[in-house]
Amino acid sequence: MTSPESPTPWSRAPWKTASSRDVYANRWIKLREDIAVLPDGRTTLYGVVECSDAVGVLPFLDRDTVLMVGQYRYVARGFFWEIPTGGKHADETLEQAAQRELAEEAGHEAGRLVKLCEFHTSKSILREVAHLYVGEDLHPAPRPRDHTEFIERRSFPFTEVLGMVEREEIKDSMTVIAVLHAARLRSR
């Protein structure tokens, strides 16, 4: 067994930004290039992708059944089952964004949202915080989908979705984390 290393004096020291230059932006992301000053005084080039906060909802139709959405994901080059997810708009609260995404993608709103967690989807080059919820007491509330979404909806036993996560059939981080958190809460 290895003994723990003593922390270096710079392991917790904040880096400073010497300069920043916007490189690209669209409605979903911004890309900038920074010159970062390291704790030891050296500098390094650092690319940073910024996104709005993200939300995801694991919608329970009843105690043992969840509603999943499936779609082809361009970047991952495949069809995947996942929870309804999306970005928060500037004029929304996190809960409003979660309800909007749930209605747009799953055709329902939740009578009750329970916060599961928040996490950094990546911590090295991407600035995005995801906020995950369980949705309960669902009622139909269809909204028009985003023009880039072609979505299937299907109910699954929660145990089957948990098995899909364990078999790595579901790979989306927001879905994996929401399902594992919900399974942990249900086992208490």
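The values are calculated or read from the model by the stated rules, or taken from the named source; none is laboratory data. As the structure is a computational prediction, the values presented were derived from the model and not from experiment. Reconstructed Cβ throughout: ideal geometry from the backbone, glycine too, with neighbour counts over all protein chains shown. Just the protein is used for accessible areas: all its heavy atoms, side chains included, with ligands, DNA and RNA removed. Shrake-Rupley method; radii C 1.70, N 1.55, O 1.52, S 1.80 Å.
Figures for the structure shown
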| item | result |
| --- | --- |
| The range 62-112: equivalent-ellipsoid semi-axes (sqrt of 5 x gyration tensor eigenvalues, Cα, Å) | 21, 17, 7 |
| Rg/Rh for the range 84-176, where both radii come from Cα atoms and Rh is the Kirkwood radius | 0.96 |
| Lysine pair number, Cα distance threshold 23 Å (strictly under), the chain, separation 8 or more or different chains | 10 |
| Solvent exposure, largest accessible area first (probe 1.4 Å, DNA, RNA and ligands not counted), of Arg42, Arg188, Arg145 | Arg188, Arg42, Arg145 |
| Where GluC sites (Glu not before Pro) fall in DSSP loop in the range 126-188, at most 10 other Cβ within 10 Å | Glu168 |
| The range 1-60 shape via C-alpha gyration tensor axes, a/c threshold 1.5 | oblate |
| Dipole of the range 40-95 [Lys/Arg +1, Asp/Glu -1 at C-beta], most positive-end residue of Val75, Leu61, Val48 | Val75 |
| Normalised per residue, the volume of the convex hull around the Cα set of the range 126-188 (Å³) | 153 Å³ |
| Cα long-axis angle, helix 94-106 against the chain (0 to 90 degrees, to the nearest 10) | 50 degrees |
| Relative pair counts by distance (%), Cα atoms of the chain, 5 Å bins | 1, 7, 13, 17, 16, 13, 10, 8, 7, 5, 2, 0 |
| Sequence of His131, His147, His108, His139 when ordered by accessible area, the most exposed leading, probe 1.4 angstrom | His147, His139, His108, His131 |
| The chain: relative contact order as a whole-number percent, Cα under 8 Å and 6+ apart | 20 percent |
| Cut-off 14 Å between beta-carbons: net charge of the residues surrounding Lys30, Lys and Arg +1, Asp and Glu -1 | -2 |
| Student exercise, the range 1-96 dipole from Lys, Arg, Asp, Glu Cβ charges, in Debye to nearest 20 | 380 debye |
| Of Ala18, Ile151, Thr85, farthest towards positive along the dipole that unit charges on Lys, Arg, Asp, Glu beta carbons give the chain | Ala18 |
| Accessible area per residue, Å², the range 92-177 with all protein chains present, probe 1.4 Å | 54 Å² |
| Cut-off under 5 Å, modelled amide H: who pairs with Glu109 long-range | His139, Ala141 |
